[in-house]
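Throughout, read-outs are computed from the coordinates displayed, never taken from laboratory work. Model, not experiment: these values are computed from the prediction. Here the Cβ positions follow ideal geometry from the backbone for every residue, glycine too, while neighbour counts run over all protein chains shown.
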Amino acid sequence: MNAPAGGHRDAAIFGAICVIALGLIGGLWLLARDSESAGVSGSITWVELPDYSADEVCQNWVGYWLLDSEVEFTPEFMERITNCRETIEGEWIASETGAEASLVRPLTLSDEQRTAVAPLETALRTQLRAFFDGMSPELGDALSQVYTPDLVGVMPNISPGVPISNARRLHGDEMNAFIEQPGNEALAGYIYWIVTDRRAAIDEFRVACRTDDTEFLTRSCDGTLDQLSLNHIPWFWDLQNPLMLDRFLLGVIEGRIDPNRPAE
């Protein structure tokens with residue numbers, strides 16, 4: 001690598017170290033959530049961080065990956081894998097619906113579109129409720145330790161500083177069993193779509209992180225992917241969130257998404 005490129009990389013490394021020290025880099029912020037693949041010894045269960053708001057977490061996390069890391073991500077990709085959204089003022093906020101008027105790319109369904117997709121939406125919400133009502137006490141207890149109703153940046157409704165691996169495993173096992181039961185075909189198709197989309201996002205993330213100029217971020221990238229849970233079925237509360245659900249419904253209406261799971 002020539003000298004100028006090395007200089008850029010050294011500056012990027014120094015910037016990453018500074019961000020980590022401040023607790024603003026996503027890798028450290030997410031490692032507090034009990035990563036299995038982060039390449040650290042022992043079990044990290046808590047890292048004391050300043051009391052950032054959800055919007056500040058998004059601003060810092062997305063700002064690092066888009067501006068400081070030298071990884072070639074797009075704003076659209078950041079919105080695809082998190083609840084962070086770009087505003088017309090150029091700031092990043094933690095969005096609850098994805099439809100806020102202040103957003104550069106708001107996601108909204110017209111009344112006509114909402115009516116057209118109402119049967120599918122009702123089926124999905126009914127099946128998600130049935131999953132919730134029928135979950136095991138073990139899963140319910142695990143989720144109660146993970147879930148927070150508070151707005152959280154990057155990973156919505158996940159309590160900061162708590163391990164997620166056990167709850168994530170139990171949730172995935174029970175959801176997989178649930179969607180195989182007759183009558184849950186709508187939810188099975190929805191989950192098939194989001195899992196397929198997430199796997200594509202994983203591939204894009206890894207490709208972007210594995211260039212000559214960003215190889216020093218490989219471990220941080222892998223740890224971040226694990227903690228974003230992109231290789232897992234989304235939490236059932238995420239499946240009900242307009243950030244995910246309306247994106248699916250709009251794609252179905254526009255003919256870009258097939259709501260049915262392919263026959264095996």
**OP:** Identify the residues of segment 223-262 with backbone N under 15 Å of a label point that sits 7 angstrom from the Cα of Ala116 along the Cα-to-Cβ direction, or state none.
**Re:** 247-259
**OP:** Express in whole angstrom the spacing between the alpha-carbon centres of segment 102-116 and segment 140-177.
**Re:** 28
Original post:
How high is the FRET efficiency between Asp258 and Asn157 when r is their beta carbon distance and R₀ equals 22 Å, given to the nearest 0.05?
Top reply: 0.20
